[in-house]
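Report on the structure given below.
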Amino acid sequence: MKSPTREGATKFIDMPSSFNFACMYNKYIRRCFAGAGLWSQALALDDKTTMHFWGPRNKTAQKPSLVLIHGFGPVATWQWRRQVKSLAPHFNLYVPDLVFFGGSTTISSERSEVFQAKSVGKLLDMLEVETLHVVGTSYGGLVAYNLAKMLGEGRVKKVVIASSGVNMTARSNLEMLRSSKLNNIDDLMFPSSPHHLRQLMSLSIYKPPHVPDFVLSIFIHELYGENKERKLEILKGISVGRQETSNVSPLKQEVLIVWGEEDRVFPVRLAHELKEVIGKDVKLELIKEAAHVPQIEKPVQFNRIIVNFLRGTH
């Protein structure tokens, strides 16, 4: 695997494909999803947008439907791998790739989180999913919030917002950039060098492992290289975090907020503030020794919290 040769580009070490553990891990994850009873599909939502997703191979009326919406970074399968086996026995799971992530694409010029929510809503209409719960992590929380607003409490029954700055302000963005010690948000959200990825890991993971530069380079190539320009447009299309005050209108659904206590992307202060504005029936669960990705760092606890809340035993 060879890197671009232009000055400043990430340099990747030549390595036989058999040793490319990023690719091998991706195959393993796909087997995990298949083992949970899900299969990979893609649907044209209209003449502009196609959405790839994993859905239940055998949908049953006895189980409620649950949509898992990923954040920036790796594709959905990487972000939800530790959830599908635990959640599939209780729910008909739907795990979409948001537009320009994974196999989802569009020729539309729309780039906002509202557009992403509309696209997921169209997918659910086509799949005849009448009622559902939704869980969104990080950027996916913005999409989940807008999906819940858009479809209303008649269709979206419960909402889980995980590690998501739905209420972030311009100050929040500035604090995140200062914590990263990088020059711009683009380098943090879409790392192009081992240094950038290491900074992202330091904010996102409670105890980030030491990983050699050549390994980080491989992961950057495999996980962040595809559709990078379009994803940057998505990042710039986010409507929240541009003003000095947040503008969150309350949801009518029952809401659960899940947050890692050590999150340095969106500090836990935002979780407490979000709890006061996102709805009347809101619960907050903080997970110790976890940062921005509690579903990966503390999957057993995260999954238990989600199942108990959605099944009414929280």
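The values are calculated or read from the model by the stated rules, or taken from the named source; none is laboratory data. Predicted, not measured: the structure shown is a model, and the values here were computed from it. Every residue, glycine among them, receives a Cβ derived from its backbone with ideal geometry; neighbour counts consider all protein chains shown. Each accessible area value is taken on the protein alone, full model and side chains, heavy atoms only, with ligands, DNA and RNA left out. Shrake-Rupley method; radii C 1.70, N 1.55, O 1.52, S 1.80 Å.
Taking the stated definitions as given, is ARG82 open to solvent by 20 Å² or more (accessible area, probe 1.4 Å), over 14 Å from the mean Cα position of the chain (by Cα) and in contact (Cβ under 8 Å) with a residue 12 or more places away in the chain? So ARG82 fails the test.
Among the residues of the stretch 192-202, is there at least one that is more than 15 Å from HIS292 (Cβ to Cβ) and under 20 Å from the mean Cα position of the chain (by Cα)?
Yes, there is a match, as at least one residue in the stretch 192-202 is more than 15 Å from HIS292 (Cβ to Cβ) and under 20 Å from the mean Cα position of the chain (by Cα).
Note on the stretch 183-199: residues that are of a type in the set (A, V, I, L, M), out of contact with any Phe, Trp or Tyr (no Cβ under 6 Å at 6 or more places or on another chain) and either open to solvent by 20 Å² or more (accessible area, probe 1.4 Å) or assigned to a strand (DSSP E or B) (or both) total 1.
Quick check: anything in the stretch 202-210 in a helix (DSSP H, G or I) and in contact with a strand residue (DSSP E or B) (Cβ under 7 Å, 6 or more places away or on another chain)? Checked against the condition, which is being in a helix (DSSP H, G or I) and in contact with a strand residue (DSSP E or B) (Cβ under 7 Å, 6 or more places away or on another chain), the stretch 202-210 yields no hits at all.
With respect to ARG230, determine if the residue is closer than 26 Å to ASN26 by Cα, outside any loop (DSSP other than H, G, I, E, B), open to solvent by 60 Å² or more (accessible area, probe 1.4 Å) and in contact (Cβ under 8 Å) with a residue 24 or more places away in the chain. Here the answer is yes, as ARG230 does meet what is asked. Annotation for the stretch 255-263: no member residue is within 10 Å of ASN167 (Cβ to Cβ) and either open to solvent by 50 Å² or more (accessible area, probe 1.4 Å) or not hydroxyl-bearing (Ser, Thr, Tyr) (or both).
To keep it simple, each residue is scored yes or no on (1) touching a residue at least 60 places away in the same chain (Cβ under 8 Å); (2) farther than 20 Å from CYS32 by Cα; (3) among the hydroxyl-bearing types (Ser, Thr, Tyr).
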{"residue": "HIS52", "(1), (2), (3)": "no, no, no"}
{"residue": "PRO56", "(1), (2), (3)": "no, no, no"}
{"residue": "SER65", "(1), (2), (3)": "yes, no, yes"}
{"residue": "THR77", "(1), (2), (3)": "no, no, yes"}
{"residue": "LEU87", "(1), (2), (3)": "yes, no, no"}
{"residue": "HIS90", "(1), (2), (3)": "yes, no, no"}
{"residue": "VAL95", "(1), (2), (3)": "yes, no, no"}
{"residue": "PHE101", "(1), (2), (3)": "yes, no, no"}
{"residue": "GLU113", "(1), (2), (3)": "yes, yes, no"}
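Taking first residues from the stretch 237-263 that are within 20 Å of GLU175 (Cα to Cα) and partners that are exposed (fewer than 15 other Cβ atoms within 10 Å of the Cβ) and small (Gly, Ala, Ser), the Cβ contacts under 7 Å between residues at least 6 apart in sequence or on separate chains come to GLY241/ALA170; ARG242/ALA170; GLN243/ALA170; GLU244/ALA170. Contact annotation: residue pairs with Cβ atoms under 9 Å, 6 or more positions apart or on different chains, pairing a residue in the stretch 278-295 that is part of a strand (DSSP E or B) with a partner that is open to solvent by 30 Å² or more (accessible area, probe 1.4 Å) and hydrophobic (A, V, I, L, M, F, W, C), are LEU286/VAL268.
Looking only at the stretch 15-26, decide whether some residue is of a type in the set (Gly, Ala, Ser), free of Cβ contacts under 8 Å to residues at least 12 places away in the same chain and either under 22 Å from HIS221 (Cα atoms) or outside any helix (DSSP H, G or I) (or both). Yes, because at least one residue in the stretch 15-26 is of a type in the set (Gly, Ala, Ser), free of Cβ contacts under 8 Å to residues at least 12 places away in the same chain and either under 22 Å from HIS221 (Cα atoms) or outside any helix (DSSP H, G or I) (or both). Taking residues in the stretch 148-170 that are open to solvent by 20 Å² or more (accessible area, probe 1.4 Å) and part of a loop (DSSP other than H, G, I, E, B), and partners anywhere that are at pLDDT 95 or above and not β-branched (Val, Ile, Thr), the pairs with Cβ atoms closer than 6 Å and at least 6 places apart or on different chains are GLU153/LYS252; GLU153/GLN253.
The set of residues in the stretch 35-49 that are closer than 11 Å to SER108 by Cβ and assigned to a strand (DSSP E or B) contains only THR49. If you go through the stretch 88-111 one residue at a time, do you hit one that is assigned to a helix (DSSP H, G or I) and among the hydrophobic types (A, V, I, L, M, F, W, C)? For the stretch 88-111, residues assigned to a helix (DSSP H, G or I) and among the hydrophobic types (A, V, I, L, M, F, W, C): absent. Being surrounded by fewer than 17 Cβ atoms within 10 Å (Cβ to Cβ), closer than 12 Å to THR49 by Cβ and out of contact with any Ser or Thr (no Cβ under 7 Å at 6 or more places or on another chain) is the filter here, so list the residues in the stretch 104-130 that pass it. Selection gives ILE107, SER109, GLU110, LYS122, MET126. Tell me whether the stretch 233-253 contains one or more residues that are at pLDDT below 90, open to solvent by less than 30 Å² (accessible area, probe 1.4 Å) and assigned to a loop (DSSP other than H, G, I, E, B). Checking the stretch 233-253: at least one residue is at pLDDT below 90, open to solvent by less than 30 Å² (accessible area, probe 1.4 Å) and assigned to a loop (DSSP other than H, G, I, E, B).
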